[in-house]
Amino acid sequence: MFVPEDRPKGWDRIAVSGDFPSGVAAKEQGLTAPDISAVRRGFDAALKEASVYLGATSPNPAVGCTLLDRDGAILVSEAHHRTGTRHAEALALHRAREIGVLDRAVTALVTLEPCNHVGRTPPCSEALRDSPVSTVWVGMRDPNPVAGGGIARLRQMPEGREVFLVEECPDLAETHRACQALLAPFATRISKQRPWITVKQACDAKGSMIPPEGKTTFTSQNSLEIAHRLRRASDAIITGIGTVLADRPRFTVRHVADHEDRAPRLLVVCDRQNRLPDSWREMMIGSGYRVIVSRDLAEIPSLLGDHGVNWAMVEAGPALLDEIADQGLWDDWLTIRTSHEGPDRCSVRSHGPSPLRFILDEGVNPLPADKAAF
Ligand SMILES: NC(=O)c1ccc[n+]([C@@H]2O[C@H](COP(=O)([O-])OP(=O)(O)OC[C@H]3O[C@@H](n4cnc5c(N)ncnc54)[C@H](OP(=O)(O)O)[C@@H]3O)[C@@H](O)[C@H]2O)c1
């Protein structure tokens, strides 16, 4: 139960005021800098934890939750691991109980609005209402009308909780963008019935995508790790028959550890003349892929949406990439360019806050100078 007197000044103002009008800076609400920086730090931890499970949760979203004590210190930070298991909020509360800190949990920071429906797990809004948490910060509203309603339920009296939306706090604009980026794959599928589509393209110093004779790649080890992190985060790969015939790619996650026990990823091969070799198809099935052959590029996004794919990546040659660019069938576009002089360089174009920030932002390759995409 919330006791205002128990808290430092800034936290009182958050919890007691009960409103956080949009467009009003945090400091005008009387919140001190440490208050907001504690919220920001807590969200950073939740985002980082959730990003580990990108590619493991589909058709559910990747979600993170941090619990803070009254001084703004992080007690636990947890994430949703995969469909059918505890949601991030429920797992954070569970862990807090396990390590004996639950009664100190005053604030919950959740990257996505807590669910309010009984699915494979009980509603998170109820789990939070049954906990000592008195204030909840929500990174994004749930775009899924079935699961939404958690904010209203949390506020419902008696025993309502204070709920603040990150989007209404200008001082947390960057945190909101990061929450949007994390949720982009799921939000795209829910709102557009298709996955978020990332094109990954490697070019040599002259701009060619074609590897030298006898090779299937020409980028550095660091760039390969980025590519494999992206594979791990994605639920489907789209490729062209030209790439299959030229390289016989394996499309497995090798340079980083893959998610354990993941449901089979989808592999869509654009092949209009039935040239796909049976032996290669068998090899892909043996590697855990579900192989689909498509004669119509335009049908692929909705087909993947129907299969619950949140994030799809394109690994194809110049012919298919030209078609994808012409038809505008992409959400963000990662280009890895090799150089004669230094390390490979990444650049990103994006139509919205890009989840690539969670793939690239690990200090492996020099990040794009232009961070507008993020
Ligand atoms: N650097 C990189 O990032 C990268 C990545 C992958 C591959 N590669 C290289 O790229 C080379 C292969 O390139 P590529 O251009 O020949 O092959 P590709 O782009 O992988 O595949 C081209 C095929 O896609 C199919 N396709 C094109 N438009 C389509 C549409 N609208 N609907 C359905 N299918 C469609 C066509 O199949 P049909 O012929 O049946 O019509 C076409 O032959 C290889 O050397 C490979 O190493 C480089």
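The values are calculated or read from the model by the stated rules, or taken from the named source; none is laboratory data. Note that the structure is a prediction, hence the values are computed from the model and not measured. FYI the Cβ positions are ideal-geometry reconstructions off the backbone, even for glycines, and counts take in every protein chain you see. For the accessible areas, the whole protein counts, side chains as well, though only heavy atoms, and no ligand, DNA or RNA atoms are used. Shrake-Rupley method; radii C 1.70, N 1.55, O 1.52, S 1.80 Å.
Some points to look at:
- Annotation: amide H-H contacts under 5 Å for residue 292 (H modelled 1.01 Å from N, sequence separation of 5 or more, or interchain): 267, 268, 269.
- Peptides 226-237, 280-291 ordered by average Cβ neighbours within 10 Å, highest first: 226-237, 280-291
- Computed over the chain, the per-residue total of -39500 (n - 2.57) for DSSP H runs of n ≥ 4 gives a 222 nm mean residue ellipticity of -9500 deg cm²/dmol, rounded to 500.
- 0 to 90° range, to nearest 10: angle between helix 173-192 axis and the chain longest Cα axis: 60
- Extents of region 194-371, taken as max minus min of Cα coordinates on every principal axis and listed largest first, are 42, 37, 36 Å.
- Calculated SAXS-style log₁₀ I(q)/I(0) at q = 0.12, 0.26 Å⁻¹ - region 39-108, Debye, Cα scatterers: -0.28, -1.06
- Stretchable slack from residue 257 to residue 337, in nm (0.36 nm times residue separation minus alpha-carbon distance): 26.4 nm
- For the chain, the longest principal axis of the Cα atoms and the long axis of helix 221-233 meet at an angle of about 60 degrees.
- For the pair residue 146 and residue 294, the difference between a 0.36 nm per residue extended length and the Cα-Cα distance amounts to 50.1 nm.
- Extents of the chain, taken as max minus min of Cα coordinates on every principal axis and listed largest first, are 72, 45, 36 Å.
- Over region 23-185, relative contact order from alpha-carbon pairs under 8 Å, at least 6 apart, %: 22
- Computed from label points 7 Å out along Cα-Cβ, the spacing between residue 345 and residue 69 is 4.7 nm.
- Net charge dipole size for region 194-371 [Lys, Arg +1 and Asp, Glu -1 on Cβ; Debye, nearest 20]: 160
- Taking packing as the residue-averaged number of other Cβ atoms within 10 angstrom, the listed peptides 264-273, 35-44 run from highest to lowest as 35-44, 264-273.
- Stretching residue 85 away from residue 191 to a fully extended chain increases their span by 35.8 nm, per 0.36 nm per residue minus the current alpha-carbon distance.
- Each of 310, 216, 198 was scored by the projection of its Cα onto the charge dipole of region 194-371, and the greatest displacement toward the positive side belongs to 216; charges sit on the C-beta of Lys, Arg, Asp and Glu.
- 0 to 90° range, to nearest 10: angle between helix 88-98 axis and the chain longest Cα axis: 60
- The mean sequence separation of alpha-carbon pairs under 8 Å and at least six residues apart, normalised by the residue count of the chain, gives a relative contact order of 16 percent.
- In this structure the chain gives 44 Å² per residue of accessible area when probed at 1.4 Å with all protein chains present.
- Separation between Cα centres of region 89-133 and region 248-294, rounded to whole Å: 38
- Rough spin-label spacing in nm, given labels placed 7 Å along Cα→Cβ, for residue 247 and residue 37: 4.5
- Trypsin sites (Lys or Arg not before Pro) within region 97-149: DSSP coil, no more than 13 neighbouring Cβ in 10 Å: 120
- Evaluated at q = 0.17, 0.18, 0.19 Å⁻¹, the base-10 log of the normalised Debye intensity for region 23-185, with identical point scatterers placed on the Cα atoms, takes the values -0.95, -1.08, -1.21.
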